[in-house]
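Visitor: If you scroll down you'll find the structure; I have some questions about it.
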Amino acid sequence: MNTTTEEETFVDTRELLENAVKVIYDYLIAPNKNEAKKRFRTLLNAEPQLVAEMPMENGEKIDLFLQLDYSEFQGPFIYRNFKKYLAQLVGIISQTMERKETISTRKEREEQRFIINIPAVLEFDSQMNVLMLGINLQDPAGVIIELLFFEPTQFQDVDKFSK
């Protein structure tokens, strides 16, 4: 995977992104409906949830947390629709990585937090929303995988993603 910057963090970017996609799938998409809904409700409180560990080359492990920010989501926020956003996001990122295409990122806060520039854009009941994946390396306790909803008018050409 290529990123827009050459600097690497303490974790390999490709490996981190692969783990983030796997965590999202394993924690929120793959479980049975009741378990997935329970986990979804837990994420609604906006606090990071410890969901997995990622092994490092040196034998140590890094805790992986999952956090949801839906403060900019427009309309009713229900699990059934949320799962569709997740499936689209995981699918697009996975396909992009399989094709070895460049994945651009937007870095923030001294390059300790970045957002993958691959949006999941869906429309329900005439309301469009945008979900993106963020990776936050600021917390010394571990890596926070962020699921971030953005108000869609912030993005140019958002319509092309929803088709």
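Visitor: Once amide H atoms are placed 1.01 Å from N in the peptide plane, what residues at a sequence separation of 5 or more from Asp139, or on another chain, have their amide H within under 5 Å of its amide H?
Guide: Ile144
Visitor: Let me ask something else. How would you classify segment 67-115 from its alpha-carbon gyration tensor, with a ≥ b ≥ c the square roots of the eigenvalues: rounded for a/c under 1.5, else prolate if a/b is greater than b/c, otherwise oblate?
Guide: oblate
Visitor: Within segment 35-142, which trypsin sites (Lys or Arg not before Pro) sit in a loop by DSSP and count at most 12 neighbouring Cβ atoms inside 10 Å?
Guide: Arg99, Lys100, Arg109
Visitor: Could you derive backbone 3J(HN,Hα) for segment 97-108 from the dihedral phi with the Karplus parameters 6.51, -1.76 and 1.60 (θ = phi - 60°), listing whole Hz in sequence and x where the residue is Gly or Pro?
Guide: Whole-Hz 3J(HN,Hα) from phi for segment 97-108: 5, 4, 7, 6, 7, 5, 10, 7, 10, 10, 9, 9.
Visitor: Can you give me the % of accessible surface on segment 80-142 that is carbon or sulfur? Probe 1.4 Å, all protein chains present, nothing else counted. Don't skip to the end; give the middle numbers.
Guide: Values: 1320 of 3030 Å².
Here carbon and sulfur together make up 44 percent of the probe-accessible area.
Visitor: Looking at segment 55-157, I'd like the Rg to Rh ratio, where Rg is from alpha-carbon atoms and Rh is Kirkwood's inverse mean 1/r.
Guide: Numbers: Rg = 14.9 Å, Rh = 15.0 Å.
Rg/Rh: 1.00.
Visitor: With a 1.4 Å probe and all protein chains kept in place, how do Asp63, Asp125 rank by accessible area, largest first?
Guide: Order by accessible area, largest first: Asp125, Asp63.
Visitor: A further question follows. Would you check the accessible area of Thr102, probe 1.4 Å, heavy atoms only, in square angstrom rounded to 10?
Guide: Approximately 90 Å² for this residue.
Visitor: Rounded, prolate or oblate for segment 96-144? Axes are the square roots of the Cα gyration tensor eigenvalues, ordered a ≥ b ≥ c, and the cut-off for rounded is a/c under 1.5.
Guide: Working: a/c = 2.57, a/b = 1.50, b/c = 1.71.
It is oblate, given that a/c is not under 1.5 and a/b is not larger than b/c.
Visitor: Related question: Between segment 20-56 and segment 138-152, what's the alpha-carbon centroid distance in Å?
Guide: If we compute the Cα centre of each part, the gap is 13 Å.
Visitor: If R₀ is 45 angstrom, what is the calculated FRET efficiency for the pair Glu47 and Ser94, using the beta carbon separation as r and rounding to 0.05?
Guide: According to the calculation, E is roughly 0.95.
Visitor: Per DSSP H run of n ≥ 4, the term is -39500 (n - 2.57); total these for the chain, divide by its residue number, and report the mean residue ellipticity at 222 nm rounded to 500 deg cm²/dmol.
Guide: Numbers: 4 runs with 48 residues, N = 163.
Value at 222 nm, helices only, nearest 500: -9000 deg cm²/dmol.
Visitor: Checking a compactness column here: for segment 5-85, what do you get for Rg(Cα) / (2.2 N^0.38 Å), N being the number of residues?
Guide: 1.25
Visitor: Within the chain, what's the longest run with no GluC sites (Glu not before Pro) in a DSSP loop and at most 15 other beta-carbon atoms within 10 Å? Give the range, please.
Guide: 112-163
Visitor: Over the chain, give the accessible area per residue in Å² for a 1.4 Å probe, as an integer.
Guide: 55 Å²
The values are calculated or read from the model by the stated rules, or taken from the named source; none is laboratory data. If you're wondering where the values come from, they're calculated on a predicted model, not measured in any experiment. A quick note on method: Cβ atoms are made from the backbone with ideal geometry, for glycine too, and the neighbour counts reach across all protein chains shown. Note: areas computed on protein heavy atoms with side chains; ligands, DNA, RNA excluded. Shrake-Rupley method; radii C 1.70, N 1.55, O 1.52, S 1.80 Å.
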